[in-house]
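Taking it in order: structure first as structure tokens, then the write-up.
Bear in mind these aren't lab numbers, they're just calculated from the coordinates by the rules spelled out. Treat the numbers as computed from the prediction; the structure is a model and nothing was measured. With ideal geometry, Cβ positions are generated from the backbone for all residues, glycine too; neighbour counts draw on all protein chains shown.
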Amino acid sequence: MKNILLLFALLPFVVFGQNTMETGVYEYEGKNKTHRFLIDQNYLIETVFKKEPAEFILTRGGYYKETSKGIEVDFEFNSNYEKDSLKQIKYPNNIAWNKQEGSEQYLENKWLMGGRMSDEGISRRDTSISRKTMKMLLNGYFQWIAFDTKGYKFSGTGGGIYEAGHGKYIETIQYFSRDNSRVRAVLSFDFELLNEEWHHKGLSSKGSPIHEIWVKR
């Protein structure tokens, strides 16, 4: 409860709008920290990071529901879980964030890592197990998260802005939990949709060739 009250104290108390949450990307700045929220029809991710110098601070997210008092989020992951033990959070109606400009792009959705292609063929990953790698694309923003819903375990995340079109997918990294020095890197990939699966080909942030297969969540 103490952690939740502290969070509310940091948030700007401005009326957000109507009772129904609009999907989109929202931010507010506080004490040299950027708080970013990716919110679609049923899922919310909050990420906190510093832009200068680049520093990842935390990320947490899960499915949410709207009530008469605000938004309740049941976390699937919480990178700060070992410190705060938070499994859910409630955001009251009178909290507001600045909605970021952006437009719908190709590939906009929640995706799960479903496999990889190699010289030996496709190696499929079971997306029903608790260990997942998810990528959320919304209004030109992206975030991937590696996590395990058992114990709210967190393995890594990265995010920023993206463009997709004409078979090219380009990411500009704005935060990266594993290596702050990768911030501002621009990565270009080839992509195609085959049977509603996203085939993602190029070089990873470490320069290794990848051919990933992502499936809609």
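Subtracting the Cα-Cα distance of Ser103 and Ser118 from their residue separation scaled by 0.36 nm leaves 2.0 nm. The Cα-based radius of gyration and maximum Cα-Cα distance (Dmax) for the stretch 62-163 are 16.2, 54 Å.
For Gln100, nonlocal amide neighbours, meaning residues 5 or more places apart or on other chains whose placed amide H falls under 5 Å from its own, are Val25, Tyr26, Glu27. This model, with +1 at the C-beta of Lys and Arg and -1 at the C-beta of Asp and Glu, gives the chain a dipole about its Cα centre of some 740 debye.
For the chain, what number results from the quotient of the Cα radius of gyration and 2.2 N^0.38 Å?
Numbers: Rg = 17.4 Å, N = 217, 2.2 N^0.38 = 17.0 Å.
For the chain, the normalised Cα radius of gyration comes out at 1.02.
The value of relative contact order for the stretch 109-216, using C-alpha pairs under 8 Å at least six residues apart, is 22 percent. Average projection, convex hull of the Cα set of the stretch 109-216: 7.1 square nanometres.
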